[in-house]
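Below: one structure, written as structure tokens.
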Amino acid sequence: MRVAPVGVAVLPEPLDRLCAAVADVDRLTHDTTVANAGACAVAAVVSAGVDGAAWEEAAPLGLRAAALG
């Protein structure tokens, strides 16, 4: 998975910027809405965790990111 490093490198907010970075990485091999939604969710949860969020805070962010993806 290439999105975990994106989550490490990009802050969780603004979320649209994180999802844009994920879409750039996904474009080569997984350029579908379903793939982008899942990848945005994973990257958002990773990013939130790196930023110090607990699972209870990171999970809703992942759901919001999936909707953007």
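Quick notes on this one:
- Test: residue in region 32-45 that is in contact (Cβ under 8 Å) with a residue 24 or more places away in the chain, open to solvent by 40 Å² or more (accessible area, probe 1.4 Å) and not in a helix (DSSP H, G or I): no
- Within the option set A53, A48, being touching a Pro at 6+ places or on another chain (Cβ under 8 Å) and outside any helix (DSSP H, G or I) holds for one residue only, A53.
- Counting the residues of region 11-22 that are open to solvent by less than 20 Å² (accessible area, probe 1.4 Å) and either out of contact with any Gly (no Cβ under 8 Å at 6 or more places or on another chain) or hydroxyl-bearing (S, T, Y) (or both) gives 2.
- Within region 46-69, considering residues that are free of Cβ contacts under 8 Å to residues at least 24 places away in the same chain and open to solvent by 90 Å² or more (accessible area, probe 1.4 Å), the one farthest from the chain's Cα centre (by Cα): E56
- Odd one out for A23 among (1) aliphatic (A, V, I, L, M); (2) modelled with pLDDT of 95 or more; (3) in a helix (DSSP H, G or I): (2)
- Being open to solvent by 20 Å² or more (accessible area, probe 1.4 Å) and under 17 Å from L61 (Cα atoms) holds for only one residue in V8, V3, V25, and it is V8.
The values are calculated or read from the model by the stated rules, or taken from the named source; none is laboratory data. Computed from a predicted structure; not experimentally measured. Cβ: placed from backbone, ideal geometry, glycine included. Neighbour counts: every protein chain shown. The protein model used for the area step is the full one, side chains on, heavy atoms only, and it has no ligands, DNA or RNA in it. Shrake-Rupley method; radii C 1.70, N 1.55, O 1.52, S 1.80 Å.
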